[in-house]
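S.K.: Structure below; questions to follow.
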Amino acid sequence: MPGAVHSFTLGPDLAPLAPASLLGLEGPCWVGLAPDGGLAVSEEFGDVQLFGSARQPLGSLGDLTGHPFGSPAGVCTDAAGGVIVADQRRRQVTLFRRAREPICLVSEGLRRPLGVACGPQGQLLVADAEDGDIKVYQSHLELD
């Protein structure tokens with residue numbers, strides 16, 4: 001269904017239970033886990049909407065932080081609960097932490113960052129759709 005994300009709980013037999021629909025989205029592209037069991041949904045040429053564990057709307061990262069997105073794509077959550085967003089148009093990957101200013105993690109060398117994931121030892125994996133590469137970054141910074 002255009003403009004919606006459908007979320008399900010799976011039962012012991014893997015049958016879908018308790019469906020929840022997140023409606024009114026403007027071209028949902030990517031979905032990732034958000035802090036506290038919620039979801040983060042990127043919207044094509046829009047924003048990143050946050051939903052709580054009961055799938056209630058919590059607002060958008062752009063409205064909450066004042067950060068202008070170009071074309072947000074991949075989203076993930078780091079071990080500290082920060083939401084990381086790949087922005088294709090702005091050619092950067094940005095970390096959003098609660099009640100803090102956004103931090104640009106990577107911009108140099110990115111041509112069209114599309115997907116993003118966090119590795120088990122703090123690595124940041126970025127899929128760059130322009131050159132077809134997966135770029136792995138290891139942070140040596142302490143972001144407190």
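S.K.: Rounded to the nearest 10 Å², what accessible area does Cys76 have for a 1.4 Å probe in the complete protein model?
M.R.: Cys76 has an accessible surface of roughly 20 Å² with all protein chains in place.
S.K.: Also, quick follow-up: Can you tell me how much longer the chain between Asp131 and Arg100 gets when fully stretched, taken as 0.36 nm per residue apart minus their C-alpha distance, in nm with one decimal?
M.R.: 7.9 nm
S.K.: Let me ask another. If packing is taken as the average number of other Cβ atoms within 10 Å across a peptide's residues, how do 54-66, 80-92 rank, most packed first?
M.R.: Going from most to least packed, we get 80-92, 54-66.
S.K.: Quick check for you: which residues of region 15-42 have the amide N under 17 Å from the point 7 Å beyond the Cα of Arg89 toward its beta carbon?
M.R.: 26-30, 42, by backbone N distance to the label point.
S.K.: So, one more: What percentage of the solvent-accessible surface of the chain, computed with a 1.4 Å probe over protein heavy atoms, is contributed by carbon and sulfur atoms?
M.R.: Taking all protein chains in place, the chain shows 54 percent carbon and sulfur surface.
S.K.: Additional query: With each run of n ≥ 4 DSSP H residues scored as -39500 (n - 2.57), what mean residue ellipticity at 222 nm is computed for the chain after dividing by its residue count and rounding to the nearest 500 deg cm²/dmol?
M.R.: Computed ellipticity for the chain at 222 nm equals -500 deg cm²/dmol.
S.K.: Using only Cα atoms, what Kirkwood radius does region 41-88 have, in angstroms?
M.R.: Across region 41-88, the inverse of the average 1/r is 11.1 Å.
S.K.: If you count only protein heavy atoms with a 1.4 Å probe, what accessible area per residue comes out for the chain, rounded to a whole Å²?
M.R.: 57
S.K.: P(r) of the chain in 10 Å steps, Cα pairs, percent per bin?
M.R.: Computed distribution, short to long bins: 12, 42, 34, 12, 1.
The values are calculated or read from the model by the stated rules, or taken from the named source; none is laboratory data. Please read these numbers as outputs of a predicted model, since none were measured by experiment. When we count neighbours, we look across all protein chains shown, and the Cβ atoms used for this are built from the backbone with ideal geometry, even at glycine. What goes into the accessible areas is simple: the full protein's heavy atoms, side chains included, and nothing from ligands, DNA or RNA. Shrake-Rupley method; radii C 1.70, N 1.55, O 1.52, S 1.80 Å.
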